[in-house]
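**Student:** What follows is a single structure, and I will ask about it in a moment.
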């Protein structure tokens, strides 16, 4: 038996054991001393489990229904890659750019999306999305480098400020990669230079997940510049940073886009035609308050941490914060990058606030308060920012054209498709390549800038829409509900050569009558129903004998009710018509259905 204890109270015991002498010794002191220095077996495991609390809470905020068409073309592309064992370099999904160059695809992300969907459908996609969220939160915790309470608070603020940008798209992989990058750079800055060796691999993966890796080069450059002008110990990192930067730049070309990846990364932020898309609009005060209000306390914590004495110098963290702030002002899509740049400083600020409470509150209580506050912030963001109809797993049927796609798959019209931009992603997933799309969310990687801008303008410009229909041999038009009131589509609906054959709350389908036969029109057509004027026509109805036009209109209204029973618009139009015709029972039935559907979808609609 050998007990080497360094406490002076236990020297007698140590000497007796070494010399074999029998003498009294303080067993209790030895045991207490050994226990004091014995590493805890359960504390690290308990600590790791506690770290999962904010991470799982953040992942849970990403358990929401899919309300965008964008992820679907990624799923379909992943399927194409797996089936063909290759990355597409020519476009197989649109007829407007058939066999034209596909300049870049997020191949690795798309394969992951496809495997998730193939394994468990929509639930698989949602679980993958939540898992990415957990990984982001865990990485942010390491980047924070603070206590669990301070880190939990910062993670909660990060999630609340970024939730609006966390749709199910490959961009979430960039948020994870950027957090990993800053954590590795921070480790190198703290005296572990080998962390730099992982960066080329990270950039190689990033380049096949999403097209924002060039932002990572900016962060690496900021650290390299800061190291170059810092004290001698850190200055030694500048040269390795140059070598790693060159390798990382090369790694960003190891994808289907090559140099296009590098050259186009920041170019899309300056394209004026992209600003019509919500994600790419400049950050306004109204948008900041409505979607990203939690960034304000995160910035305040960063300022508190920033002006502590040992962090007041001009360093890489400040450069990255300023750079991402400029990009975020340009477009709110960059908000998660800006929030990530704030994390380390904000954690220092949160830690300072927790330390300030120490004379008055036990450390364990202040830590628990930080954890609970972070989780509460995430819960409030989820329940207030997302409509109730978005909660859980599934598809938001009132936003994604699932039923219109099913109609087209079962009853395909003749000719080629024209579709609204926002519908293209799901239509590509559901119909291509049998029915190829006109446009989708692949933007500048497939579609040229002039074509993209022209297609966005077509619903509101009848001449542009007519030109596109003629140039591309279009036989049917799939228009989103928001576009139906535009002059372009209103003119198309009024054209006697075109007829409405499908209309729900998401999309309407018009066909060129010369491309379909008479039985098709008799079965699915609405010859007297025009979306742009339907409400006015219903409001003009009067009780008593009906004119031929009014009788035909009423038949179409009721046919639409039977074909799209879950459409709020169909029941609203019917309720208005029945009210005008003094049909109280039919009116009450349609009105109650409007109220029921609007409650289910968390939309505020006042029935007629």
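The values are calculated or read from the model by the stated rules, or taken from the named source; none is laboratory data. For clarity, every value in this text was computed on a predicted model and none was experimentally measured. With ideal geometry, Cβ positions are generated from the backbone for all residues, glycine too; neighbour counts draw on all protein chains shown.
**Student:** Just to be sure before I move on: is residue 497 in contact with a strand residue (DSSP E or B) (Cβ under 9 Å, 6 or more places away or on another chain) and either surrounded by fewer than 17 Cβ atoms within 10 Å (Cβ to Cβ) or in the same structural domain as residue 578 (by TED's automatic domain parsing) (or both) in the structure I sent? Break it down into steps so the answer makes sense when it comes.
**Tutor:** Numbers: in contact with a strand residue (DSSP E or B) (Cβ under 9 Å, 6 or more places away or on another chain): yes; either surrounded by fewer than 17 Cβ atoms within 10 Å (Cβ to Cβ) or in the same structural domain as residue 578 (by TED's automatic domain parsing) (or both): yes.
Yes: the conditions hold for residue 497.
**Student:** What tally of residues in the stretch 291-317 results from selecting those that are in contact with a helix residue (DSSP H, G or I) (Cβ under 9 Å, 6 or more places away or on another chain), in a helix (DSSP H, G or I) and at pLDDT below 90?
**Tutor:** Of the residues in the stretch 291-317, 2 are in contact with a helix residue (DSSP H, G or I) (Cβ under 9 Å, 6 or more places away or on another chain), in a helix (DSSP H, G or I) and at pLDDT below 90.
**Student:** Could I ask something else about it? In the stretch 296-308, which residue that is within 25 Å of the chain's Cα centre (by Cα) and surrounded by fewer than 22 Cβ atoms within 10 Å (Cβ to Cβ) is farthest from residue 347 (Cα to Cα)?
**Tutor:** Applying the filter and picking the extreme gives 296.
**Student:** Residue by residue through the stretch 477-518, note down the ones that are within 24 Å of residue 410 (Cα to Cα), more than 30 Å from the chain's Cα centre (by Cα) and assigned to a loop (DSSP other than H, G, I, E, B).
**Tutor:** 497, 516, 517
**Student:** Moving on to the next point. Collect the residues in the stretch 337-384 that are touching a strand residue (DSSP E or B) at 6+ places or on another chain (Cβ under 9 Å) and in contact (Cβ under 8 Å) with a residue 12 or more places away in the chain, keeping them in residue-number order.
**Tutor:** 382
**Student:** Looking at the stretch 396-411 only, could you name the residues that are touching a residue at least 12 places away in the same chain (Cβ under 8 Å) and either closer than 17 Å to residue 482 by Cα or surrounded by fewer than 17 Cβ atoms within 10 Å (Cβ to Cβ) (or both)?
**Tutor:** Listed by number, the residues that qualify are 396, 397, 398, 399, 400, 401, 402, 403, 404, 406, 409, 411.
**Student:** Taking residue 414 and the conditions (1) closer than 29 Å to residue 121 by Cα; (2) touching a strand residue (DSSP E or B) at 6+ places or on another chain (Cβ under 9 Å); (3) surrounded by fewer than 19 Cβ atoms within 10 Å (Cβ to Cβ), which numbered condition does it fall short on, given that it satisfies the others?
**Tutor:** Among (1) closer than 29 Å to residue 121 by Cα; (2) touching a strand residue (DSSP E or B) at 6+ places or on another chain (Cβ under 9 Å); (3) surrounded by fewer than 19 Cβ atoms within 10 Å (Cβ to Cβ), residue 414 violates only (1).
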